[in-house]
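Notes follow once the structure below has been shown.
The values are calculated or read from the model by the stated rules, or taken from the named source; none is laboratory data. Note that the structure is predicted; figures quoted are calculated from it, not measured. Ideal geometry is used to build each Cβ from the backbone, glycine not excepted, and the neighbour counts take in all protein chains shown. Side chains included, ligands, DNA and RNA excluded: accessible areas come from the protein's heavy atoms. Shrake-Rupley method; radii C 1.70, N 1.55, O 1.52, S 1.80 Å.
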Amino acid sequence: MIHGVQAVVRELPTEATQQAVGYPTLFALVALGSLVPVVPTGALVSSAAVVALHQTSPFSLVFVFAVASAAAFLGDVGLYWLGQRGVRSKNGSRWLEVISRRAAPDRLARAQAKLGEHGGAVLVLSRLVPAGRIPVMLACLLGRMPLRRFARGDVPACLAWAATYQLIGILGGSLFPEPWQGVVAAVALTLLISGAPAVWRRLRAGSGHGAGDTAG
């Protein structure tokens, strides 16, 4: 009994330290990844969910969800605000150029069409579709959507995004006894989901070119 209590006491500072360091780090990385769209934020949230799943605190998963969604929202709003400055400026801006470079013309055209049909509701889908956030954001910028309206639509988008990737982490973490195994599985699953659409588009494009060559 005494040894069991001692073991628990020894583990508490470790878990508390992980939480004290982990949540601010998760917030910073997700916010940075939303602002500079090169960090795999979905994999970060899934990995954090795996770690939280193996902790004793019943609120760990709630904290991961709250931190991830808040950070994603802050990054989105910050990037949109910076993009707005470029739209209003005659010379544009570096941030608007970055956003434009990461939105292929065909995806931008589809995003503009969806934005015209469904309005701000398309923001929710853009967060869930891999590589869909930036084209929709650029469509909103070019359509001169006010920041306040964008922020209202982005709240449910960030909540749905955080919940989705947290569920991926929970799924990966529940399959393995060790946290690191769950993290590897969650990251692999996240990268697979994120990369699948790009691979599918390349395969379709290759098939289309092949069919065209045969017909010619």
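Results, tabulated for the structure shown:
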{"quantity": "Residue that is open to solvent by 70 Å² or more (accessible area, probe 1.4 Å) and out of contact with any helix residue (DSSP H, G or I) (no Cβ under 9 Å at 6 or more places or on another chain), where the choices are PRO58, PRO40", "calculated": "PRO58"}
{"quantity": "Tally, over the range 101-117, of residues that are modelled with pLDDT under 85 and open to solvent by less than 80 Å² (accessible area, probe 1.4 Å)", "calculated": "2"}
{"quantity": "GLN166 being surrounded by 13 or more Cβ atoms within 10 Å (Cβ to Cβ), modelled with pLDDT of 65 or more and out of contact with any Phe, Trp or Tyr (no Cβ under 9 Å at 6 or more places or on another chain)", "calculated": "no"}
{"quantity": "Candidate set: the range 137-150, residues that are open to solvent by 10 Å² or more (accessible area, probe 1.4 Å) and assigned to a helix (DSSP H, G or I); chosen: the one modelled with the lowest pLDDT", "calculated": "LEU142"}
{"quantity": "Hits in the range 122-136 - residues which are open to solvent by 30 Å² or more (accessible area, probe 1.4 Å) and either of a type in the set (A, V, I, L, M) or not in a helix (DSSP H, G or I) (or both)", "calculated": "VAL124, LEU125, LEU128, VAL129, ALA131"}
{"quantity": "Unmet requirement for LEU32, which otherwise passes all of (1) farther than 20 Å from PRO156 by Cβ; (2) at pLDDT below 90; (3) part of a helix (DSSP H, G or I)", "calculated": "(2)"}
{"quantity": "The range 88-119, residues that are among the hydroxyl-bearing types (Ser, Thr, Tyr) and in contact (Cβ under 8 Å) with a residue 24 or more places away in the chain", "calculated": "SER100"}
{"quantity": "Some residue of the range 81-95 being modelled with pLDDT under 85, open to solvent by 50 Å² or more (accessible area, probe 1.4 Å) and closer than 25 Å to ALA163 by Cα", "calculated": "no"}
{"quantity": "Pair list, Cβ < 6 Å and 6+ apart or interchain, from the range 58-74 residues that are under 18 Å from PRO156 (Cβ atoms) and in contact (Cβ under 8 Å) with a residue 60 or more places away in the chain to residues that are open to solvent by 50 Å² or more (accessible area, probe 1.4 Å) and among the aliphatic types (A, V, I, L, M)", "calculated": "SER69/LEU159"}
{"quantity": "Filter pass, SER57 being over 24 Å from THR164 (Cα atoms) and not basic (Lys, Arg)", "calculated": "no"}
